[in-house]
Amino acid sequence: MVDFSFLITAVLTLLIILTLYETKRRRAAFLATVEIVTLPDFSSQTLGNGREITVFLPPGYTQAANRRYPALYVNDGQDQETLQIRETLARLFQRRQIPPIIVVAVPTNEDRLQEYGTAVCSNAQSLGTKAGEYGRFLTTELMPAINQQFRTSHNPADIGIFGVSLGGLSAFDIAWNQPELFGVVGVMSGSFWWRAAESETRMPPNQLIAHEMVKQTAEKPALHLWFEAATQDEASDRDNNGLIDAIQDTLELIDELEKIGFRRGRDVVYVEVPGGRHNYDTWSQVFPTFLRWAFG
């Protein structure tokens, strides 16, 4: 009796290899619909350092020579793959859930805890000492270079900035201080616990800095703000009210925004993720929701 088991195994193995190859090929073709352009070692005179900027271009960008596109600047751009920027854009473009946009991923470096924060002052732990310089780098050095090299919209309402955690606080701070440049802000698990030092003179001592920034703003800026917080962002509950600090700080910031004229559900959106955590597994899952809201 002839034993065909070896032949069957070989055929099955070949079929598996071919299937995997085809799946990989299709995925590569799918991702290739979003072109990537890198600006290696983009230097900043303000910060005295450089970083590689990654620009994601939508399908048809090369052919539409006269078209200008909305743009989104993303903090912590070194985590672009973990956030799944390219895959998310490709999927949303394919499904026509958002219009073509340009995304600019801006990486941080070993100075992250100093470059991200609030420009008005550092926090109680002396972090964020270069937040003002980082904001100037992004708005006066990087953005003009991007606008010159790529066909970005000239309408501030079409320009957004996004970040997670401390990068989210930075995104909020930059847009709040430069509302003439941005129309959209996205923050996931924002570090709104950022508190002024006891000896601080530029902001009320011991108070949450982002909240005080809003309180001290006389006129509502033309911003649309989107916030996410997850029920397992952290475990801390400083006042034992059953609400973790990450959620409470975000909701209280929204309360302050409402006091100066922002409308919840229109100008300000809050998304709470049950069971979500302070990590890219959660953020990458919610990122498409932000993009659809911001540009859809």
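Nothing in this text is a laboratory measurement; each read-out follows from the coordinates by a stated rule. All values reported here derive from a predicted model rather than from experimental measurement. Note: ideal-geometry Cβ built from the backbone for every residue, glycine included; neighbour counts use all protein chains shown.
An oblate overall shape is assigned to the stretch 182-296, the ratio a/c of its alpha-carbon gyration tensor axes (a ≥ b ≥ c) being 1.5 or greater and a/b not exceeding b/c. With angles folded into 0 to 90 degrees, how steeply does helix 280-295 sit against the dominant principal axis of the chain? Use alpha carbons for both and round to 10. Approximately 80 degrees, to the nearest ten.
Please report the antiparallel percentage of DSSP beta bridges with both residues in the stretch 32-295, rounded to the nearest 5. Here the antiparallel bridges make up roughly 30 percent for the stretch 32-295. Evaluated at q = 0.06, 0.09, 0.13 Å⁻¹, the base-10 log of the normalised Debye intensity for the chain, with identical point scatterers placed on the Cα atoms, takes the values -0.23, -0.47, -0.90. Determine by what factor the alpha-carbon radius of gyration of the stretch 232-292 differs from 2.2 N^0.38 Å, reporting the quotient. Normalised by 2.2 N^0.38 Å, the Cα Rg of the stretch 232-292 equals 1.25.
The long axis of helix 5-31 is offset from the longest Cα principal axis of the chain by roughly 40 degrees. Between the helical axis of 85-94 and the longest alpha-carbon principal axis of the chain there is an angle of about 70 degrees.
Grab the DSSP H runs of the chain that are 4 residues or longer, score each as -39,500 (n - 2.57), total them, divide by all residues and round the 222 nm result to the nearest 500 deg cm²/dmol. Present the calculation step by step, with values, prior to reporting the outcome.
Working: 10 runs with 108 residues, N = 296.
Helices in the chain give a 222 nm mean residue ellipticity of -11000 deg cm²/dmol.
Within the shell defined by Cβ-Cβ distances under 9 Å, the residues around ALA196 carry a net charge of -1, with Lys and Arg each +1 and Asp and Glu each -1.
All other residues whose Cβ lies under 13 angstrom from that of GLN114 are scored, Lys and Arg at +1 and Asp and Glu at -1, for a net of -2.
Around TYR270, what is the net charge, scoring Lys/Arg as +1 and Asp/Glu as -1 over all other residues with Cβ under 9 Å from its Cβ? With Lys, Arg at +1 and Asp, Glu at -1, the neighbours total -1. Non-local lysine pairs in the chain, meaning eight or more places apart or on different chains, with alpha-carbon distances under 27 Å, amount to 4.
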